[in-house]
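Student: What follows is a structure written as structure tokens; I'll ask about it next.
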């Protein structure tokens, strides 16, 4: 998912793109579904890499994990990047829908993800004009392990509101949102930007909920500018 960032940002910084638990090469483990557990995984990864502090960023669910890390490990932060995500907790209908998806994917596999989740992940520009990108995202969704998907859905459903966490941040924050993102729209991005003491907002044109994949060049420009202007020079 982050190939374009590993390549495009390598000249500016060291890029580490971990597989969240249950996905890729990471084991799911026996913990109860929790974004805090994922955030602790990231902190342990920093330890294993010998990194005291880093710019931590995430997209979509990765943004929730990033905010959990901000809440529990603020001493590990040099900066924060929140892309296509939101700081609010799920309302009850959304929590119930996540549980429905979790149960369905365990029972019947990824068909519900392709039917109900995939269409909302990408913007109309990607669907209509970038068939290869859409196909790649479809492949990622289709190959996601059902147990990991269910665990992640339940972890996201249990997440708290994170606005107090954002207000307490003492590091620069970059908020990114695709202009066509319907899952975490501009209003959510603006609310997060207003909440943090030191934030900037970048809107990625012609991108939906996966702006880093749909428009990687624009995404990388936003990240590079943030790093050079707010992190590397500070």
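All of the numbers you see were taken from the coordinates with simple rules; none came from a lab. All values reported here derive from a predicted model rather than from experimental measurement. Neighbour counts are summed over all protein chains in view; Cβ atoms, including those assigned to glycine, are modelled from backbone coordinates with ideal geometry.
Student: For the range 1-42, count the residues as N, evaluate 2.2 N^0.38 Å, and divide the Cα radius of gyration by that value, please.
Tutor: Relative to the 2.2 N^0.38 Å estimate, the range 1-42 comes out at 1.41.
Student: With N set to the number of residues, divide the alpha-carbon radius of gyration of the range 54-126 by 2.2 N^0.38 Å and report two decimals.
Tutor: Normalised Rg, Cα atoms only: 1.35.
Student: Just to check, using Stokes-Einstein with a Kirkwood Rh over alpha carbon pairs, what's the diffusion coefficient of the chain at 25 °C and 0.890 mPa s in µm²/s?
Tutor: 137 µm²/s
Student: How would you rank 200-208, 68-76, highest first, on the average number of other Cβ atoms within 10 Å across their residues?
Tutor: Descending mean neighbour count gives 200-208, 68-76.
Student: Using square roots of five times the C-alpha gyration tensor eigenvalues, list the equivalent-ellipsoid semi-axes of the range 81-120 in whole Å, biggest first.
Tutor: Largest first, the range 81-120 gives 22, 14, 8 Å.
Student: Just order 12-19, 184-191, 214-221 by mean Cβ neighbour count inside 10 Å, highest at the front, would you?
Tutor: So the order, starting with the most tightly packed, is 214-221, 184-191, 12-19.
Student: Do you know the relative contact order of the chain, to the nearest whole percent, from alpha carbon pairs under 8 angstrom that are 6+ apart?
Tutor: Relative CO of the chain lands at 24 percent.
Student: Nearest 500 deg cm²/dmol is fine: what mean residue ellipticity at 222 nm does the chain get from its DSSP H runs of n ≥ 4 alone, each adding -39,500 (n - 2.57), divided by its residue count?
Tutor: -14000 deg cm²/dmol
Student: Give the span of the range 1-91's Cα atoms along each principal axis, as three whole-Å numbers ordered largest to smallest.
Tutor: Each principal axis gives a Cα extent; for the range 1-91 these are 40, 27, 27 Å.
Student: Pairs of alpha-carbon atoms within less than 8 angstrom and 6+ residues apart define the contacts here; what relative contact order does the range 1-65 have, in percent?
Tutor: It rounds to 20 percent for the range 1-65.
Student: Could you let me know the centre-to-centre spacing of the range 43-86 and the range 179-208, using Cα atoms, in angstrom?
Tutor: Centre-to-centre (Cα) distance: 18 Å.
Student: Is the shape of the range 170-223 rounded, prolate or oblate, going by the alpha carbon gyration tensor and its root eigenvalues a ≥ b ≥ c, with a/c under 1.5 for rounded and a/b larger than b/c for prolate?
Tutor: oblate
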